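The values are calculated or read from the model by the stated rules, or taken from the named source; none is laboratory data. All values derive from a computational prediction rather than experimental measurement. Here the Cβ positions follow ideal geometry from the backbone for every residue, glycine too, while neighbour counts run over all protein chains shown.
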Amino acid sequence: MGKFGKTEGKALRFDLTDMRLFLAVVEQGSLTKGSEIMNLALASVSERISGMESSLGAQLLERNRRGVTTTAAGDALVRHARLILNQVEQMRGELRTYGTGLKGRIRLLSNTAGLAAFLPHRLCRFLVAYPDLSIDLGERPSTEIALTIAEGRADLGVVADIADLAALQTRVIAQDQLVVVMSETHRISDRRSVAFADVVGEPFVGLSDAALEAHLGERAARLGRQIYYRIQLRRIEHVAMLVKSGVGIAILSEASTQDLTRLGLAIVPLRDPWALRQLHLCAHDFSALTPHASLLAQELMEPKVAAS
């Protein structure tokens, strides 16, 4: 029987310091550097990790001349330790809001389309109805939002269905039409709609949205073409400025272009069936949301009420 061969009846006794220490050692690749970061004596670090291995009944680190590397058990501990420590920080952040008079803070991410048209009125109504709640709102590409939600770093996300949502729970909350934005003097600026095949060969000004770029790239490939981006920018107004100057055309969400017609730009819907996308509200697990995040989810899933 080996050093770690008998574990029956033993309880795992890892505290938060143990997990932080283990991550520090793994990230630095060295017991010595890990001990310096944690401000602990090297002997204490070695003793703690040996105690973790004894409690677990498996070796966590391989020690060699260059430092340390994780075993399979060590890799598993890294994943779980990061998850646990992240949840502890989320708990601390949520509880800290009580000290500032706030009873809840919700972390919400949205793509550009959701922020442009869908969210403002909903969030206004929600914040008025719940004066003790606050929202941390961030704008990100749909693919980045999906990853952030899956990793538990935000409560809710509003994304387009072109992102990979397999790891998340989702609810359809709105529709989003893709449109072509061009200068008013462009050859197709007077059309009621246009097919993607008619514009795929044009020079493009792109929006830095990885999900949209991948979606359009896939559709271009099906036509045996490739999109030529002259430049890609993060902000809609910067894209509009270059399009107006004739640098190229852009394909954007219709919701994000509501203020662009006043800038002297033509906006023509794409008539391809795939250009009508759906906006999804996503969460890692709707049933596991905090009570205040659940309230916001219910608000965002309510059918739109027409203005009287």
Would a scan of the stretch 175-193 turn up a residue that is closer than 22 Å to residue 141 by Cα and surrounded by fewer than 19 Cβ atoms within 10 Å (Cβ to Cβ)? yes
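Let's see how each residue does on (1) of a type outside the set (Ser, Thr, Tyr); (2) assigned by TED's automatic domain parsing to the domain that holds residue 154; (3) surrounded by fewer than 14 Cβ atoms within 10 Å (Cβ to Cβ):
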{"residue": "23", "(1), (2), (3)": "yes, no, no"}
{"residue": "28", "(1), (2), (3)": "yes, no, no"}
{"residue": "33", "(1), (2), (3)": "yes, no, no"}
{"residue": "37", "(1), (2), (3)": "yes, no, no"}
{"residue": "41", "(1), (2), (3)": "yes, no, yes"}
{"residue": "44", "(1), (2), (3)": "no, no, yes"}
{"residue": "55", "(1), (2), (3)": "no, no, no"}
{"residue": "61", "(1), (2), (3)": "yes, no, no"}
{"residue": "85", "(1), (2), (3)": "yes, no, no"}
Have a look at 122, 191 and point out the one that is assigned to a loop (DSSP other than H, G, I, E, B) and either in the same structural domain as residue 233 (by TED's automatic domain parsing) or over 14 Å from the mean Cα position of the chain (by Cα) (or both). 191
Tell me which residues, restricted to the stretch 245-262, are closer than 17 Å to residue 112 by Cα and not in a strand (DSSP E or B). 254, 255, 256, 257, 258, 259, 260
Filter the stretch 185-213 down to the residues that are within 21 Å of residue 263 (Cα to Cα) and of a type in the set (Phe, Trp, Tyr) and list them by number. 204
What residue, of 296, 265, 233, is at pLDDT 95 or above and either closer than 21 Å to residue 116 by Cβ or over 24 Å from the mean Cα position of the chain (by Cα) (or both)? 296
Of (1) part of a strand (DSSP E or B); (2) touching a residue at least 60 places away in the same chain (Cβ under 8 Å); (3) surrounded by 16 or more Cβ atoms within 10 Å (Cβ to Cβ), residue 145 fails just (1)
Odd one out for residue 170 among (1) over 18 Å from residue 268 (Cβ atoms); (2) β-branched (Val, Ile, Thr); (3) part of a loop (DSSP other than H, G, I, E, B): (3)
Hits in the stretch 261-290 (condition: surrounded by 14 or more Cβ atoms within 10 Å (Cβ to Cβ), within 17 Å of residue 191 (Cα to Cα) and out of contact with any Phe, Trp or Tyr (no Cβ under 9 Å at 6 or more places or on another chain)): 265, 266, 267, 268, 269
Just for the stretch 202-237: of the residues that are without any contact (Cβ under 8 Å) to a residue 60 or more places away in the chain, in contact with a strand residue (DSSP E or B) (Cβ under 8 Å, 6 or more places away or on another chain) and part of a loop (DSSP other than H, G, I, E, B), which one is farthest from residue 269 (Cα to Cα)? 234
Which one of these is modelled with pLDDT under 95, of a type in the set (Lys, Arg) and surrounded by fewer than 18 Cβ atoms within 10 Å (Cβ to Cβ): 153, 140? 153
One residue from 164, 198 being surrounded by 13 or more Cβ atoms within 10 Å (Cβ to Cβ), without any contact (Cβ under 8 Å) to a residue 40 or more places away in the chain and assigned by TED's automatic domain parsing to the domain that holds residue 120: 164
